Amino acid sequence: MAESSEQRLRESRPLIYRPPPRWYFWTALGTALGIHLVAVVASQRREAPPVDLPPQPPQVVEATLAPPEATPPPEDIPIPEPPPPPEIQPEFVEERTPPPRQPQNAQKFTPIKSPGPMSMSRAKALALYAPRPQYPYEARSRHVTGSGVIVCTVDSGSGSVTGCSVSSSTGSSILDNAATSAFRQWRFRPGTLSKVNIPITFTMTGASY
């Protein structure tokens, strides 16, 4: 009975509005702000629709390569000079007798002076170098032949021919020049002769003397 009476008293009391606590308000406000921020971020992350751009011409870029820097040559490192070898003195000194002095007026050889030009038969035995004259092609093509005598002057000291002259012409200046140019190259034994007569004959087969 006591419980029923207390319940009746409670029900008979007037109802009074009580506001909710403040933390309800701040919690609701923070939740709303959080939802709003999430929505803003999600909208920004959406990809923009692709835009079709007109084709652009290819661009050419000219690039100039700088030349590589030259590597400086390595510095020359001076090499120290080797020490001089020790002087070795011989155990004995060989005595050498100086050669006897020759008189100043003495000559190495005495040239043989011939009264006239030497014959060809004797000159051949004394010749050291005697090339044969060449038969010129111009004279061979014309069938030019002939015989003559060439006089050569010889240096008695060296044996070389110093000059040649035509004593008897072959009848052709071409053949005479071929003979003299060949005889100027002759060389004899030094001190054996000073002048020699050289007969020369040109035929279609060649030169002979």
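The values are calculated or read from the model by the stated rules, or taken from the named source; none is laboratory data. What you see is a predicted model, and the numbers here were worked out from it, not measured in a lab. Cβ atoms come from the backbone with ideal geometry, glycine included; neighbour counts cover every protein chain shown.
Look through THR201, THR180, THR162 and report the one residue that is outside any strand (DSSP E or B) and either on the phi > 0 side of the Ramachandran plot or without any contact (Cβ under 8 Å) to a residue 60 or more places away in the chain (or both).
Values: THR201 fails: outside any strand (DSSP E or B); THR162 fails: outside any strand (DSSP E or B).
Exactly one of THR201, THR180, THR162 is outside any strand (DSSP E or B) and either on the phi > 0 side of the Ramachandran plot or without any contact (Cβ under 8 Å) to a residue 60 or more places away in the chain (or both), namely THR180.
Report the residue count in region 144-167 for those that are in contact with a Pro (Cβ under 8 Å, 6 or more places away or on another chain), surrounded by fewer than 16 Cβ atoms within 10 Å (Cβ to Cβ) and among the hydroxyl-bearing types (Ser, Thr, Tyr).
1
If we keep just the residues of region 127-143 that are touching a residue at least 60 places away in the same chain (Cβ under 8 Å) and outside any helix (DSSP H, G or I), which is surrounded by the fewest Cβ atoms within 10 Å (Cβ to Cβ)?
Taking region 127-143 as the starting set, the residues that turn out to be touching a residue at least 60 places away in the same chain (Cβ under 8 Å) are 127-128, 132-135, 139-140, 143.
Those left that are additionally outside any helix (DSSP H, G or I): 127-128, 132-135, 143.
Details: ALA127: 16, LEU128: 12, ARG132: 11, PRO133: 22, GLN134: 12, TYR135: 19, HIS143: 7.
Ranking the candidates gives HIS143 first.
For region 183-198: of the residues being hydrophobic (A, V, I, L, M, F, W, C) and not in a strand (DSSP E or B), which is modelled with the lowest pLDDT?
Start the filter on region 183-198 by keeping residues that are hydrophobic (A, V, I, L, M, F, W, C), which leaves 183, 186, 188, 193, 196, 198.
Subsequent filtering for residues that are not in a strand (DSSP E or B) retains 183, 186, 193.
Values: PHE183: 93, TRP186: 93, LEU193: 86.
For region 183-198, the residue satisfying everything is LEU193.
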